[in-house]
1. Collect the residues in segment 43-69 that are within 24 Å of the chain's Cα centre (by Cα), among the small types (G, A, S) and farther than 15 Å from A83 by Cα, keeping them in residue-number order.
2. Among what's in segment 25-41 and is more than 19 Å from T74 (Cβ to Cβ) and at pLDDT 95 or above, pick the residue that is surrounded by the fewest Cβ atoms within 10 Å (Cβ to Cβ).
3. Across segment 105-124, which residue is nearest to D134 (Cα to Cα) among those that are of a type outside the set (A, V, I, L, M) and crowded, with 17+ Cβ neighbours inside 10 Å?
4. Within segment 179-190, does at least one residue satisfy the condition of being modelled with pLDDT of 95 or more, farther than 18 Å from E129 by Cα, more than 20 Å from the chain's Cα centre (by Cα) and not in a loop (DSSP other than H, G, I, E, B)?
5. Within segment 147-171, track down each residue that is aromatic (F, W, Y) and not in a strand (DSSP E or B).
6. With respect to A4, determine if the residue is free of Cβ contacts under 8 Å to residues at least 40 places away in the same chain, closer than 23 Å to H103 by Cα and outside any loop (DSSP other than H, G, I, E, B).
7. Identify the residue in segment 116-126 that is part of a loop (DSSP other than H, G, I, E, B) and closer than 20 Å to G32 by Cβ and, among all such residues, is farthest from the chain's Cα centre (by Cα).
Amino acid sequence: MSKAFIITSFIENEIDINSRVNSEDYVICTDGGYDIATVQGIRPDLILGDFDSISGALPGDIEIKRFKPEKDFTDLELAIKTAVESEFTELEIIGGMGGRLDHTVANLQLLFHYDMYFEKLVMLDGMNECFILDSKKDSNFIIPFAANSYFSVFSLTPKTTGLCIKDAKYELTNHILTSDFPLGVSNEFSDNKNAAISMDDGTLLIVISKK
């Protein structure tokens, strides 16, 4: 199993990236993400983007892919596409949430679009972690217990049917969760247990947020 990391140019809630990255992992920085990597002492394998947010000079001994500002793909999508083309099985995106709302929404759409290409795809910062559950891949799933945290469940498809949430403060059985009503927001783990989610059909966005 091969793993890649993307360090984005905006991380609203500070996170110790070094504690997550191993020496064999592949690290991509998008634009100003290189500044963040430098501060944390991380040497990326690739830096890409239109470089409208980087503050320091680009290194001469790391692969760089430069793109024009006027393009159809965001810097993050270009990085994700690189990970897909390189056939990584796991991808962690560091940052990508907070700041401009349109950027956050766009990045959540990228999670939805590219989830099928990875065994595990997650976007996180120091406060939030989000990922996709799709009935075609993950009809039964365990959300590991996270202390002092909420977890929220949103339907990205018009309907997610047969939804069951167990071992949580607010449980559901054979429920139809719709994309226009946030019934699944701000749930909590029960008695320090993992939460269990199952569904018949649909796609869910899972968000785990520290209290």
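The values are calculated or read from the model by the stated rules, or taken from the named source; none is laboratory data. For clarity, every value in this text was computed on a predicted model and none was experimentally measured. Every residue, glycine as well, gets a Cβ built from its backbone with ideal geometry; the counts of neighbours run over all protein chains shown.
1. S53
2. Taking the candidates together, the pick is D25.
3. Across segment 105-124, the extreme among qualifying residues is D115.
4. No; the residues of segment 179-190 include none that is modelled with pLDDT of 95 or more, farther than 18 Å from E129 by Cα, more than 20 Å from the chain's Cα centre (by Cα) and not in a loop (DSSP other than H, G, I, E, B).
5. Residue satisfying the conditions is Y170 alone.
6. No, not satisfied.
7. G126
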